[in-house]
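Data first, discussion second: the structure below is written as structure tokens.
The values are calculated or read from the model by the stated rules, or taken from the named source; none is laboratory data. Predicted model, so just to flag it, every value in this text is computed and none were measured. Every residue, glycine among them, receives a Cβ derived from its backbone with ideal geometry; neighbour counts consider all protein chains shown.
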Amino acid sequence: MKSKVSTLNRDGRQISPWQRSVKTSIPVMHANERTVYDVLIVGAGITGLTAALKLQTAGKRTVVAEAFTIGYGTTGGTSAHINTFADTTYTEAESAFGEEGAKLFKQAILDGYHTITDNVAEYKINCDLETRPGYVYAEDDEQEKQLKDLYDGATKVGVAIEYVNEVPVKVPYQKAVMLDGQAQFDPLKYLSALANEYLKAGGVILQHTMVNEVQCHEGVHTATTANGTIKASNVIYATHMPPHINVFNMKCAPYRSYVLGVELVDHEDVPDALIYDLQEPYHYFRSHVVNGQKLLLVGGNDHKTGHDDPEQAFDDLENYVRQYYNVKSVVYKWSSQYYVPVDGLPYVGQMPLQADGTYCATGYNGNGMMLGSVSGAILADMILGNENPLTELFNAKRMKPIDGFTEFIKENADVAYHFVADKFKGQHLDSFNELEPGTGKLIDIDGQKLAAYKDDAGKVHALSPVCTHMGCNVAWNACEKSWDCPCHGARYDIDGKVVTGPATKDLEQIELPETSN
Ligand code: FES
């Protein structure tokens, strides 16, 4: 079996420190087209590989199909916080799912936490796992009320939390709480070790294998890929957002989040803690030693995908950290994507309106490490027939009437456009002259838009801007050099190739007449 040691890729041009810290050697493998596997898992991030390892070691024959390389999506771009609390506070969980629901949500968070720490212990994974205290601070009276909500909710479900007078952060604050026993790790070192254990257990990983469609006939799901077909009794979409048009497009909103890894003049200033503010959008701080260099990771400035300027988000983040810290250099900057569920909790389990045995897990908010891990475990339990008390709470078919749902839908449903490629043939496209090399832009020509990127050699890469998922116009992401869809978060590279679902078809490439640069 051929295998090649390689660094891991990600769905953007910016490099996360995790990509630099790990090399993998996944062999080139093939699925047996005559075998009906027990489970096909689509996506090799933390959800997919957690489920795969659990299923394979329990005796199920599984195959993982990944469109790119392991950790290519959000697992390779997370800031890797492992917490005992979540973006959806326990108070919010209680108001939407009742007291019992809030307690179960706490159990889910802790189960996710322990899925990671148990795997690390069992497989002796070296992934920089460290336990740290966590702090959340309020900077004004309004935020103090939020802090009290956080405190009350956590206390009620039994998560240890206390008010403290000191936070190891340089930002002035009014009041703060401390949650002991938070943790952090290197997500790709962890993921790579999970993949190795899964292969040792007899699993199959097919990298560079995008699943285009799955048909189910008499209980057998047949997936079509460019490399052949895969048959399985069950299919898990561990792709963050499941592909194609589905109900989760309306129930989960895509967000981009930003992180800087900075070296400070005085290393003593880097806090050995996980620290969060309560601004909207929020910021966080933590430390990580990457290849021997101790960095301050500062992140946040999240916004809806395709709705704000990513360069501005990075600039604001850098200005923010420089306001309080003496920054020597910005060593890393990268962004990634997550999905906010409309009622605050993830959707995990049998997909609605799909053949039996079709599963998904999505809507982790900014807590993908715990929720991805616990979701992988829940899905494995469902297929293994094990009772799991969390199955009902995260039921992917639930229909919760939620205040503001209509607003959520409206905000999420931008206008669909149509595109007529022929219109551009033979035009003298002076508009490209103003495009600087290395930049992209939607260019308006006679009332119709074209997605154009000019590379460093001056060549224009022109695409239809119409997202192949449901027809919204994509927006240029100058930092990750991608075209991002503001509706449901699909993303494409400069040549229109899909890098993030739910789209599975590339943007249409447009042939241009000769242009002057
Ligand atoms: Fe749905 Fe683009 S991702 S229209």
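Observations on the model:
- Residues of the stretch 434-468 that are of a type in the set (Val, Ile, Thr), within 27 Å of the chain's Cα centre (by Cα) and buried (at least 17 other Cβ atoms within 10 Å of the Cβ): Val466, Thr468.
- If you go through the stretch 469-497 and keep only what is more than 10 Å from the ligand (Cβ to nearest atom) and either in contact with a helix residue (DSSP H, G or I) (Cβ under 8 Å, 6 or more places away or on another chain) or farther than 18 Å from Gly438 by Cβ (or both), you end up with Asn477, Ala478, Cys479, Glu480, Lys497.
- Among the residues of the stretch 310-338, those that are within 18 Å of Lys481 (Cα to Cα), out of contact with any His (no Cβ under 9 Å at 6 or more places or on another chain) and either surrounded by 15 or more Cβ atoms within 10 Å (Cβ to Cβ) or of a type in the set (A, V, I, L, M, F, W, C) (or both) comprise Phe314, Tyr332, Lys333, Trp334, Ser335, Ser336.
- Residues located in the stretch 272-312, provided they are in contact with a Ser or Thr (Cβ under 6 Å, 6 or more places away or on another chain) and either part of a loop (DSSP other than H, G, I, E, B) or of a type in the set (Ser, Thr, Tyr) (or both): Asp272
- Residue ID - farthest from the chain's Cα centre (by Cα), chosen from residues in the stretch 498-512 that are among the hydrophobic types (A, V, I, L, M, F, W, C) and away from the ligand (no atom under 14 Å from the Cβ): Leu512
- The condition of being modelled with pLDDT under 95, buried (at least 24 other Cβ atoms within 10 Å of the Cβ) and either more than 13 Å from the chain's Cα centre (by Cα) or not aromatic (Phe, Trp, Tyr) (or both) does not hold for Thr50.
- Hits in the stretch 324-355 - residues which are in a loop (DSSP other than H, G, I, E, B) and more than 17 Å from the chain's Cα centre (by Cα): Tyr325, Asn326, Asp343, Met351, Pro352, Leu353, Gln354, Ala355
- Failed item, numbered, when Pro133 is tested on (1) in contact with a strand residue (DSSP E or B) (Cβ under 9 Å, 6 or more places away or on another chain); (2) assigned to a helix (DSSP H, G or I); (3) over 26 Å from Asp381 (Cα atoms): (2)
- Of the candidates Lys231, Lys189, Lys200, the single residue that is closer than 30 Å to Ile275 by Cα, out of contact with any Phe, Trp or Tyr (no Cβ under 6 Å at 6 or more places or on another chain) and surrounded by fewer than 23 Cβ atoms within 10 Å (Cβ to Cβ) is Lys189.
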